[in-house]
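The values are calculated or read from the model by the stated rules, or taken from the named source; none is laboratory data. Note that the coordinates shown come from a computational prediction; the quantities given were computed from them, not determined experimentally. As a convention, Cβ positions derive from the backbone with ideal geometry for all residues, glycine included, and neighbour counts pool all protein chains shown. What goes into the accessible areas is simple: the full protein's heavy atoms, side chains included, and nothing from ligands, DNA or RNA. Shrake-Rupley method; radii C 1.70, N 1.55, O 1.52, S 1.80 Å.
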Amino acid sequence: MPAIAIIGAQWGDEGKGKATDLLGSRVDHVVKFNGGNNAGHTVVIEDEKYALHLLPSGILSPNVTPVIGNGVVIDVEVLFRELDDLAARGVDVSRLKVSASAHVIPSYNKAVDKVTERFLGSRRLGTTGRGIGPTYADKMNRIGIRVQDLFDASILRQKVEGALDLKGQVLTKIYNRRAPGVDEIVEELLAYADRLEPMVCDTGLLLNQALDRDEVVLLEAGQATLLDVDHGTYPFVTSSSCTSAGACTGSGIPPRRLDQVIAIVKAYTTRVGEGPFPTELFDDSGEHLRKTGAEYGTTTGRPRRCGWYDAVIARYAARVNGVTDFVLTKLDVLTGLEQVPVCVAYDVGGVRHDEMPVNQTDFHHATPIYEYLPGWWEDISECRTFDDLPANAQAYVEAVEAMSGARISVVGVGPSRAATIVRHDLL
Ligand code: GDP
Ligand code: IMO
Ligand code: MG
């Protein structure tokens, strides 16, 4: 039985939450392996809409064990709030498991995140301000605080002292802000310990044993390929590994146990925050996509930047992640266009690029080369089989599939669980 990764192919918000939820009834464990509450997944089940940030979307499926893996950074206050909100709506959240090795986002890192953005001015990244970058930086810098540290007051104090030795100076001397005292932070973190402890375990062991028993483990990415700290549009990225390789390091499941990689890709492209975006639209078409697709951030409410489908990005995502199946979401949003442009390659200074340019500067200057596919006018939101789709919508899916480097196994035609066309079973 398999370990399956679900990842985003573009710059996030492709509909990973819905895809995870769709598979939910057939999997045993759903693991969040990277990022933190910078993610925002909207899942619609019948008339109920859920916005999840830190919890894996699998928490909504009654028989799934949701797991927060070692690769995640946790704002414990947000975790408890999200659990309480779901419990108040009748969701059973008692099965959640949290890795003892995941890092915790202390309050000073939220301050550092916000103040760094202000300090950067026009060079800012447009982060979510949740303390994600500074917490991963502390992890790499070996001054991070881990979940397990919360259960040993003397160790915790030593770690906080070590961290604040450096971060306190950064806050006061560089950013001219008040540095919190050691007592204040130790108290803040210790206050979480009693409630958190029963959820904590060796999640890597738990998941490998589950695979030994032939159970299905689904690894759900936050963010996406082009936001990956190694493979994305650096420095306009998040600070974690969002690609399929990150699913292994962030969960403790070895690469050879990963059987399937499902990439979620939107039928057009969006991006939140700063950074290059070749197919971005600044005209009425962009506004049309934003309005029709309700492209406003789940986490920060910011309007998402919108543009046409970019097959160069899809091919890149297929390669970097070893994609076995694409889920093409939001096809319904493209209904009602005379023609649907698809970017097939870039022009950089008169030179055609069929693959992602290796230099960021070239990517910044890439002009899309478009192919124009005929549009359709029929409402497709009630279509449930591929044959139900109008001929031009079918042709769009087939054309995009041929350009994108892996088969399109599922097509989304609306936000709800039911609004889905399955061409090839994912499990
Ligand atoms: P995630 O971060 O990748 O989980 O995606 P988000 O939840 O941030 O954004 C995707 C949005 O698209 C959500 O509001 C979903 O409810 C919605 N959605 C997902 N699939 C479809 C689809 O096929 N059609 C439409 N119209 N909306 C969809
Ligand atoms: P989901 O999981 C879209 C973007 C931010 C910013 C950059 C760095 O919903 O797809 P960070 O706070 O992570 O340091 O910000 O990454 N970003 C996302 N954009 N969807 C997300 O998550 C994102 N998570 C972070 O806007 O540009
Ligand atoms: Mg999102």
* Mind checking which residues of region 33-49 are assigned to a strand (DSSP E or B), hydrophobic (A, V, I, L, M, F, W, C) and within 17 Å of the chain's Cα centre (by Cα)? -> VAL43
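Working only within region 322-348, note down all residues that are under 20 Å from ASP425 (Cβ atoms) and either within 16 Å of ligand 1 (Cβ to nearest atom) or outside the structural domain of ALA406 (by TED's automatic domain parsing) (or both).
At the first step, the residues of region 322-348 found to be under 20 Å from ASP425 (Cβ atoms) are 322-329, 331.
Scanning region 322-348 gives VAL323, ASP325, PHE326, VAL327, LEU328, THR329, LEU331.
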* Asked: Only one residue in ILE68, ILE45 is open to solvent by 10 Å² or more (accessible area, probe 1.4 Å) and either aliphatic (A, V, I, L, M) or under 21 Å from ARG130 (Cα atoms) (or both), so which one is that?
  -> ILE45
* Residues being more than 18 Å from the chain's Cα centre (by Cα), open to solvent by 10 Å² or more (accessible area, probe 1.4 Å) and hydrophobic (A, V, I, L, M, F, W, C): count how many of those fall in region 315-343. => 1
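Quick one: is ARG177 open to solvent by 60 Å² or more (accessible area, probe 1.4 Å) and closer than 12 Å to PRO106 by Cα? Give the derivation first.
Numbers: open to solvent by 60 Å² or more (accessible area, probe 1.4 Å): yes; closer than 12 Å to PRO106 by Cα: no.
No.
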* Asked: Is region 300-309 home to any residue that is under 28 Å from LEU426 (Cα atoms) and away from ligand 2 (no atom under 16 Å from the Cβ)?
  -> yes
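Given the condition in the same structural domain as HIS29 (by TED's automatic domain parsing), out of contact with any Ser or Thr (no Cβ under 9 Å at 6 or more places or on another chain), small (Gly, Ala, Ser) and farther than 23 Å from GLY69 by Cα, answer yes or no: does some residue in region 111-124 qualify? Outline the logic, then answer.
Filtering region 111-124 down to residues in the same structural domain as HIS29 (by TED's automatic domain parsing) leaves none.
Checked region 111-124: no residue is in the same structural domain as HIS29 (by TED's automatic domain parsing), out of contact with any Ser or Thr (no Cβ under 9 Å at 6 or more places or on another chain), small (Gly, Ala, Ser) and farther than 23 Å from GLY69 by Cα.
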* Structure fact -> A careful count of residues in region 211-252 that are of a type outside the set (Gly, Ala, Ser), away from ligand 2 (no atom under 11 Å from the Cβ) and surrounded by 24 or more Cβ atoms within 10 Å (Cβ to Cβ) gives 4
* **Restricting region 1-42 to residues that are among the polar types (S, T, N, Q) and within 12 Å of ligand 2 (Cβ to nearest atom), the residue that is most open to solvent (accessible area, probe 1.4 Å)** => THR42
* Asked: Can you find a residue in region 143-163 that is closer than 22 Å to LEU205 by Cβ, within 16 Å of ligand 2 (Cβ to nearest atom), open to solvent by less than 70 Å² (accessible area, probe 1.4 Å) and not assigned by TED's automatic domain parsing to the domain that holds TYR234?
  -> yes
* Structure fact -> Expected output for region 87-104 (first residue assigned by TED's automatic domain parsing to the domain that holds LEU206, partner at pLDDT below 95 and part of a loop (DSSP other than H, G, I, E, B), Cβ below 7 Å, 6+ apart or cross-chain) is ASP92/PRO62
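Name the residues in region 111-160 that are of a type in the set (Ser, Thr, Tyr) and touching a strand residue (DSSP E or B) at 6+ places or on another chain (Cβ under 6 Å), would you? Let's see the steps before the verdict.
We begin by selecting, within region 111-160, every residue of a type in the set (Ser, Thr, Tyr); these are 116, 122, 127-128, 135-136, 154.
Listed by number, the list holds a single entry, THR135.
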* Just checking, how many residues over region 125-141 are assigned to a loop (DSSP other than H, G, I, E, B) and among the small types (Gly, Ala, Ser)? -> 3
* Name the pairs whose Cβ atoms lie under 6 Å apart, with the first residue in region 269-284 and acidic (Asp, Glu), the second in a loop (DSSP other than H, G, I, E, B), and 6 or more positions between them or separate chains? -> GLU274/LEU125; GLU274/GLY126; GLU274/PHE236
* To do: For region 64-84, indicate whether the set of residues that are within 12 Å of ligand 2 (Cβ to nearest atom), of a type in the set (D, E, K, R) and part of a loop (DSSP other than H, G, I, E, B) is non-empty.
  => yes
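Among the listed residues VAL312, VAL261, VAL265, which satisfies the condition of being away from ligand 1 (no atom under 16 Å from the Cβ) and open to solvent by less than 20 Å² (accessible area, probe 1.4 Å)? Full working, then the answer.
Numbers: VAL261 fails: away from ligand 1 (no atom under 16 Å from the Cβ); VAL265 fails: away from ligand 1 (no atom under 16 Å from the Cβ).
After ruling out the rest, the residue left standing is VAL312.
Look at ILE132 and say whether it is within 16 Å of ligand 3 (Cβ to nearest atom) and either in contact with a Ser or Thr (Cβ under 9 Å, 6 or more places away or on another chain) or of a type in the set (Lys, Arg) (or both). I'd like the intermediate steps shown before the answer.
Details: within 16 Å of ligand 3 (Cβ to nearest atom): yes; either in contact with a Ser or Thr (Cβ under 9 Å, 6 or more places away or on another chain) or of a type in the set (Lys, Arg) (or both): yes.
It is true that ILE132 is within 16 Å of ligand 3 (Cβ to nearest atom) and either in contact with a Ser or Thr (Cβ under 9 Å, 6 or more places away or on another chain) or of a type in the set (Lys, Arg) (or both).
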* **THR279 more than 23 Å from ASN63 (Cβ to Cβ), outside the structural domain of ILE59 (by TED's automatic domain parsing), open to solvent by less than 10 Å² (accessible area, probe 1.4 Å) and modelled with pLDDT of 95 or more** => yes
